[in-house]
1. Between residue 113 and residue 100, with labels modelled 7 Å along Cα→Cβ, what's the label distance in nm to one decimal, could you check?
2. Which value in nm describes the separation of the simple spin-label points at residue 93 and residue 60, placed 7 Å from the Cα toward the beta carbon?
3. Report the extension gain between residue 135 and residue 84 in nm, rounded to one decimal, defined as 0.36 nm multiplied by the number of residues separating them, less their alpha carbon distance.
4. For the stretch 49-139, state the average projected area of the convex hull of the C-alpha atoms over all orientations, rounded to one decimal in nm².
5. To the nearest 0.05, what FRET efficiency results for residue 72 and residue 126 with a Förster distance of 22 Å applied to their C-beta separation?
């Protein structure tokens with residue numbers, strides 16, 4: 001009798017192992033698909049919108065900046081408004097967390113290289129021989145008030 005109990009015990013263990021293996025084989029593709037979906041969603045997250053914050057130049061002067069950005073298929077456009085004037089975004093790209101903006105600096109083309117984290121963009125800007133850090137945070141778009149009305 002002892003031998004038959006051992007056989008049944010081994011058969012029971014083998015059945016459990018088979019069930020666990022089948023479960024792993026079923027769950028593995030689901031985990032991969034879920035991870036890919038999350039990765040694709042973060043890559044498709046748009047950076048379009050209004051951002052406000054500050055930049056610094058080489059003289060360490062704090063400059064208030066506002067970015068009004070639009071994005072179409074990863075290509076960037078919009079306006080940059082600052083204490084030093086307004087600049088048109090003439091190009092740029094968005095790939096994953098990396099955002100690059102090119103702007104008309106009234107002579108040399110300016111470049112802003114940023115990293116996207118949640119609702120913030122942080123990085124550096126340069127135009128000619130000037131540049132420095134820039135940090136902006138996404139804010140709700142403001143509607144412009146028609147002239148003559150308040």
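1. The modelled label-to-label distance comes out at 0.9 nm.
2. Between residue 93 and residue 60, the simple spin-label model gives 3.6 nm.
3. On the way: separation 51, 0.36 × 51 = 18.36 nm, distance 1.64 nm.
Extending this stretch completely gives an extra 16.7 nm.
4. Numbers: hull surface 20.3 nm².
In nm², the orientation-averaged hull projection of the stretch 49-139 is 5.1.
5. On the way: r = 25 Å, r/R0 = 1.14.
E(calc), rounded to 0.05, equals 0.30.
Laboratory data are not the source of any read-out in this text; all were calculated from the coordinates shown. As the structure is a computational prediction, the values presented were derived from the model and not from experiment. Cβ sites come from the backbone with ideal geometry, for glycine too, and all protein chains shown count toward neighbours.
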